[in-house]
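Trainee: Dumping the structure here so I can ask a few things about it.
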Amino acid sequence: MDLGQNKVIDEGKQGEATLIEGNAPSNGKKLYVESYGCQMNFSDSEVVASIMSNEGYTTTRNVDEADVVLINTCSIRENAETRVRNRLTEFKIKKEQNPDLVVGILGCMAERLKKALLEEEKLVDLVAGPDAYRDLPNLVEEVGTGQKAVNVLLSRDETYADISPVRLDQGGVAAFVTITRGCDNMCSFCVVPFTRGRERSRDPHTIVNECKDLFAKGYREVTLLGQNVDSYRWNMTSKGEIKDETQATTNFAELMEMVALISPDLRVRFSTSHPKDMTDDVLEMMAKYENICNYIHLPVQSGNTAVLERMNRSYTREWYMDRIEAIRRIVPGCAISTDIITGFCGETEEEHEETKSLMDWVEYDYAYMFKYSERPKTLAERRFDDDVPEEVKGRRLTEIVDMQQAHSLKNNQKQIGNIDRVLVEGYSKRSQDDMCGRNSKNSMIVFPKGDFGKGDYVMVKINDCTSATLKGEVVSICPKN
Ligand code: SAH
Ligand code: SF4
Ligand code: F3S
């Protein structure tokens, strides 16, 4: 899992479900959850595990011993859905061998396709949309009585605020905490407003309590998650009017401060920032607190104003550049990553070149890059032709991927010689002699193991790098605050 990102990690990564005992007495049944898509989905799976554990379910990593299989799905691009369909076909075979097995689909694909998955394709027994997880125990019970169960109602206020998620990676050091759900922007390419519903913010006190609890359990990093974190607002309307005069209001910068104050040893990250809403007060808060990490994910999507207009992103190339300048001015040394779509409807060669020139200007530390994939019911599907040929989309993607690799390498090389505070996350994937962790800029650093462990902060001198990883040596272990 790519820690620190609210991104589509890999449209087919399985949840790291370990065996977790629920709070309620066991009902002897086992739940297997598999997650696809963005970090919010992984976070939701933990809410689901919590809801089910209160009913006596224990979670298992082994699908073969499960009584209930839930797949939390993503609809962002067509290939995300294709992978899930293939996986569901595999579960269908398991179900033929074990007719009592309950197979359910959750998340964005469930919301998008609703009953179709039950009726036309007969791939699953249960369909639950992102706002219907409290109903899961009832839905599973309905399946037990021979019915097909569906709840895809979207809500205007469900935030699962009171649910303490069951961490599916127990013993971890970095956790994700959802602060807003849904999205009120209507980017023309995007399916999320249809699958996740209206934007709503979660009660700040429940967020702070969850983060405090994580810190007490040994976590040392939290990433605050939302499709557009800058539009977080509590007790305020979108026009900034106070809803309840007797209560305090909280905006995103203030929420960040509340979380940062929990402990200087708790790192705070956030994702995703929207260029149209990212204000200087957020940047100033980042500059004020050492433990708010110097890293911003600021998706640009395209470097051309006409394409941005067709995408309905509500900003221009110049506005975006101004936001980058503000980051550089207020949070010097801040790492910046982005998302880019190639081959959006009507994208000309000149427009594509503008994306490349913007990339050259920003020199992103990291980028997630995608070929445009038309999604049913979106504004783009209704208004524009998906007219850039597949091979052109592919060629443009290769061009920007190559360019990004060079920028990542260059940015990593600039870090050689630095001595950075690194949170130790665990052993390196490649060798048990090495450990790894991230610096504030979110760069992954590998270093020889020593007299320290997961969750400790160490000072690392960076000696070498590739475009993906830095290598270094520990020069000291940080005292605990
Ligand atoms: N809320 C975030 C994005 C969430 S989706 C934001 O506004 O930045 C993550 C990324 O998937 C998007 O930034 C976009 O680059 C990509 N994406 C979304 N819809 C897509 C589509 N139809 N085709 C290709 N990429 C898409
Ligand atoms: Fe999709 Fe745009 Fe909302 Fe991001 S801000 S989730 S891209 S509609
Ligand atoms: Fe996330 Fe995919 Fe839904 S990116 S919000 S799981 S469509």
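The values are calculated or read from the model by the stated rules, or taken from the named source; none is laboratory data. Please read all numbers here as calculations on a predicted model, not as lab measurements. Reconstructed Cβ throughout: ideal geometry from the backbone, glycine too, with neighbour counts over all protein chains shown.
Trainee: Please specify each residue of segment 260-285 satisfying the condition of being farther than 27 Å from CYS187 by Cα and part of a helix (DSSP H, G or I).
Mentor: Across segment 260-285, the qualifying residues are ALA260, GLU284, MET285.
Trainee: Okay, moving on. Of all the residues that make up segment 23-46, how many are over 13 Å from the mean Cα position of the chain (by Cα), among the hydroxyl-bearing types (Ser, Thr, Tyr) and surrounded by 23 or more Cβ atoms within 10 Å (Cβ to Cβ)?
Mentor: Here the count works out to 1.
Trainee: Within segment 72-87, take every residue that is within 22 Å of VAL48 (Cα to Cα) and touching a residue at least 40 places away in the same chain (Cβ under 8 Å) and give me the one that is farthest from ligand 2 (Cβ to nearest atom).
Mentor: That would be ARG87.
Trainee: Just need a number here: residues in segment 234-259 that are assigned to a loop (DSSP other than H, G, I, E, B) and either closer than 30 Å to VAL458 by Cβ or outside the structural domain of LEU224 (by TED's automatic domain parsing) (or both).
Mentor: Final tally of qualifying residues: 0.
Trainee: Sticking with this structure for a sec: Checking LEU470 against (1) under 29 Å from LEU214 (Cβ atoms); (2) of a type outside the set (Ser, Thr, Tyr); (3) in contact with a Lys or Arg (Cβ under 7 Å, 6 or more places away or on another chain), which test does it fail?
Mentor: Evaluating LEU470 over (1) under 29 Å from LEU214 (Cβ atoms); (2) of a type outside the set (Ser, Thr, Tyr); (3) in contact with a Lys or Arg (Cβ under 7 Å, 6 or more places away or on another chain) leaves (3) as the failure.
Trainee: Another one. Taking segment 200-216 as the search range and keeping residues that are among the aliphatic types (A, V, I, L, M) and within 20 Å of the chain's Cα centre (by Cα), which one is surrounded by the fewest Cβ atoms within 10 Å (Cβ to Cβ)?
Mentor: VAL208
Trainee: How many residues does segment 310-328 contain that are in contact with an Asp or Glu (Cβ under 9 Å, 6 or more places away or on another chain) and charged (D, E, K, R)?
Mentor: So the count comes out to 2.
Trainee: Ok, one more. Looking only at segment 102-128, filter to residues that are farther than 18 Å from GLY146 by Cβ and of a type in the set (D, E, K, R); which one of those is farthest from ligand 3 (Cβ to nearest atom)?
Mentor: Among them, the one singled out is GLU120.
Trainee: Report yes if some residue within segment 309-327 is among the small types (Gly, Ala, Ser), assigned by TED's automatic domain parsing to the domain that holds LYS371, part of a loop (DSSP other than H, G, I, E, B) and surrounded by fewer than 17 Cβ atoms within 10 Å (Cβ to Cβ); otherwise report no.
Mentor: The answer is yes, given that some residue of segment 309-327 is among the small types (Gly, Ala, Ser), assigned by TED's automatic domain parsing to the domain that holds LYS371, part of a loop (DSSP other than H, G, I, E, B) and surrounded by fewer than 17 Cβ atoms within 10 Å (Cβ to Cβ).
Trainee: Would you check which residues across segment 217-235 are surrounded by fewer than 21 Cβ atoms within 10 Å (Cβ to Cβ) and closer than 15 Å to VAL268 by Cα and list them?
Mentor: Across segment 217-235, the qualifying residues are GLY218, TYR219.
Trainee: Give the number of residues within segment 166-204 that are more than 16 Å from ligand 1 (Cβ to nearest atom) and touching a Phe, Trp or Tyr at 6+ places or on another chain (Cβ under 9 Å).
Mentor: 9
Trainee: Having 2 or more residues that are away from ligand 2 (no atom under 16 Å from the Cβ), crowded, with 16+ Cβ neighbours inside 10 Å and within 25 Å of the chain's Cα centre (by Cα) is the bar; report the strands (runs of 3 or more DSSP E) wholly within segment 351-458 that clear it.
Mentor: Because the criterion is at least 2 residues that are away from ligand 2 (no atom under 16 Å from the Cβ), crowded, with 16+ Cβ neighbours inside 10 Å and within 25 Å of the chain's Cα centre (by Cα), the strands (runs of 3 or more DSSP E) in segment 351-458 that meet it are 419-427, 434-438, 444-448.
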